[in-house]
Amino acid sequence: MFTVPADRFDELVQDALDELPPELAQAVENVVVIVEDSANGRPLFGLYEGVPLTKRGPLSYSGAFPDRITIYQDTISSVCRDEEELVAQIRKTVLHEIAHHFGISDPRLEELGWA
């Protein structure tokens, strides 16, 4: 297990978001990314909650609250041995959850190596 202070973990999550390709980052719409310690009763690295872009329509999405991506610090830290592994796992988790925002399923993410 490798841990860093919460503010450092937040920086690493922001770095992963900043490293998204510009065309991808510009297409992200109405999403908030937060960090929590862990998911209640579930060993998740991250969780996407919302309506994927592929399911949105002008009548079905009007006035909706932002989608939410939660990154779980304790769960990610528990599988890392150093900061290099932590950075890699955060990056993979952020990309995985952003992919859900774009409507990419877990089976497809597995095919791509991002599950």
- [ ] Considering (1) in contact with a helix residue (DSSP H, G or I) (Cβ under 9 Å, 6 or more places away or on another chain); (2) acidic (Asp, Glu); (3) over 15 Å from LEU95 (Cα atoms), say which one ASP18 fails and leave the rest.
- [x] (3)
Open item on the list: Could you tell me how many of the residues in segment 46-56 are farther than 13 Å from ILE98 by Cα and surrounded by 11 or more Cβ atoms within 10 Å (Cβ to Cβ)?
Closed with: 1
Open item on the list: I'm trying to understand the selection: among the residues of segment 1-40, which are free of Cβ contacts under 8 Å to residues at least 12 places away in the same chain and either more than 14 Å from ALA99 (Cα to Cα) or assigned to a helix (DSSP H, G or I) (or both)?
Closed with: PRO5, ASP7, ARG8, GLU11, GLN14, ASP18, PRO22, GLU23, ALA25, GLN26, ASN40
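Residues being among the aliphatic types (A, V, I, L, M), within 16 Å of GLU83 (Cβ to Cβ) and in contact with a Phe, Trp or Tyr (Cβ under 9 Å, 6 or more places away or on another chain): count how many of those fall in segment 2-34.
Here is the first cut: in segment 2-34, the residues among the aliphatic types (A, V, I, L, M) are 4, 6, 12-13, 16-17, 20, 24-25, 27-28, 31-34.
Okay, now just the ones that are also within 16 Å of GLU83 (Cβ to Cβ), so 4, 6, 12-13, 16.
From what's left, in contact with a Phe, Trp or Tyr (Cβ under 9 Å, 6 or more places away or on another chain): none.
Residues in segment 2-34 being among the aliphatic types (A, V, I, L, M), within 16 Å of GLU83 (Cβ to Cβ) and in contact with a Phe, Trp or Tyr (Cβ under 9 Å, 6 or more places away or on another chain): 0 in total.
Inspect segment 53-62 for any residue being at positive phi and modelled with pLDDT under 95 and give the result as yes or no.
No, that holds for no residue.
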Task: Output for segment 41-50, where each listed residue is modelled with pLDDT of 95 or more and in a loop (DSSP other than H, G, I, E, B) - done: LEU44, PHE45
TODO: Please work out which one of (1) under 16 Å from VAL4 (Cβ atoms); (2) within 13 Å of the chain's Cα centre (by Cα) is the condition GLU49 fails and give its number.
DONE: (1)
Open item on the list: Can you say whether ARG42 is under 12 Å from the mean Cα position of the chain (by Cα) and either surrounded by fewer than 16 Cβ atoms within 10 Å (Cβ to Cβ) or acidic (Asp, Glu) (or both), as far as the supplied structure shows?
Closed with: no
Open item on the list: Pull out all pairs, ordered by first then second residue, where Cβ-Cβ is under 9 Å, the residues are six or more apart or on different chains, the first lies in segment 92-115 and is over 17 Å from ILE71 (Cα atoms) and among the charged types (D, E, K, R), and the second is modelled with pLDDT under 90 and surrounded by fewer than 14 Cβ atoms within 10 Å (Cβ to Cβ).
Closed with: ARG108/ALA115
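The values are calculated or read from the model by the stated rules, or taken from the named source; none is laboratory data. Computed from a prediction, not measured in an experiment: that's the story for all the values here. Here Cβ is always computed from backbone atoms with ideal geometry, including for glycine, and neighbour counts include all displayed protein chains.
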